[in-house]
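Derivation of every value follows stated rules applied to the coordinates shown; laboratory data play no part. Source: prediction; values computed, not measured. All Cβ positions, glycine included, derive from the backbone under ideal geometry; neighbour counts span all protein chains shown.
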Amino acid sequence: VLSLAARLRGAPYVYGLDIDPTALLHAKENAHLNQLKKISFTHTLSTTPSNRLILMNMISSEQKLAWESVSTPCFKELIISGIPIEEKEKFLANTPSSYGTLIKEKTLDGWVGFVFRQKKGLRKT
């Protein structure tokens, strides 16, 4: 749903990643039903587009798996959600400096999300 919304909001191309094959199938079907082009869904990222925004809505263990699937991730902005509030401090303590600067934090219904921005251009992690 987040990938579809990003494309509808004007993202030039969207790569939707998920570890659940059923979620990928549903996303593909929804993209087709909404006649959305320039969007793909897969388990791993086979290309590393530059100048991108990355949105991750998954628990930290799934985030780790997603990062392992990308050989050289780079981004301008990173939005992370899906962190239980009780894991917030541990998550922040283990956040790599390559995420950049934490510029925003939001808590809702026991979950926390963060927005990180690179300090200068794109950096590889």
(message) Can you give me the distance in nm between label points at Asp20 and Lys76, each placed 7 Å from the Cα along the Cα-to-Cβ direction?
(response) 3.1
(message) On a full-extension model of 0.36 nm per residue, what is the gain between Arg117 and His43, subtracting their alpha-carbon distance, rounded to one decimal in nm?
(response) 24.1 nm
(message) Taking amide H atoms as placed 1.01 Å from N in the peptide plane, list the residues 5 or more away in sequence, or in a different chain, whose amide H sits under 5 Å from that of Phe75.
(response) Arg123
(request) At 0.36 nm per residue, minus the direct Cα-Cα distance, what do Tyr13 and Lys104 gain on full extension? Give it in nm, one decimal, please. (result) 30.3 nm
(request) Output the pairs from Lys28/Lys90; Lys38/Lys76; Lys37/Lys76 with a Cα-Cα distance over 26 Å in this structure; if there are none, say none. (result) Lys28/Lys90
